[in-house]
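Right, one structure below, let's go through it.
All of the numbers you see were taken from the coordinates with simple rules; none came from a lab. Treat the numbers as computed from the prediction; the structure is a model and nothing was measured. Methodologically, a virtual Cβ is constructed for each residue, glycine included, from the backbone with ideal geometry; neighbour enumeration extends over all protein chains shown.
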Amino acid sequence: MGNGIAAALLLSAAALAGCGAEPAPAPPPPTPAGGAPAAPAAYPLDTCPVSGEKLGSMGDPVVVKHGDVEVRLCCRGCLKAFDADPAKYAAMVTAARK
Ligand SMILES: [Zn+2]
């Protein structure tokens, strides 16, 4: 009858634990694995910061990056001017975002 006593002890222990025990804390939400690309913000300009031409008016915009800032140029001809002073044109995009 040892088994019966052990079972009774287990049951009462479980009842005691169930009575006063705090609910287990919820596990922390899973953190997204690093490296997931952030959703790109909408591009704030519809014109080329170099020429002021409407993007797309000369064909597909030329997309370049200066650091984290995406800059869209109306044509490859503007790439030269962009390369000469990328910070200036990146700043124009950043300013338009605000
Ligand atoms: Zn252009």
- Query: Can you give the net charge of the other residues whose Cβ lies under 12 Å from the Cβ of VAL64, counting K and R as +1 and D and E as -1?
  - Reply: +2
- Note on the structure: Along segment 81-92, Karplus-curve 3J(HN,Hα) (6.51, -1.76, 1.60; θ = phi - 60°) to the nearest Hz, with x for Gly and Pro, reads 5, 4, 5, 5, 8, x, 4, 5, 6, 4, 5, 5
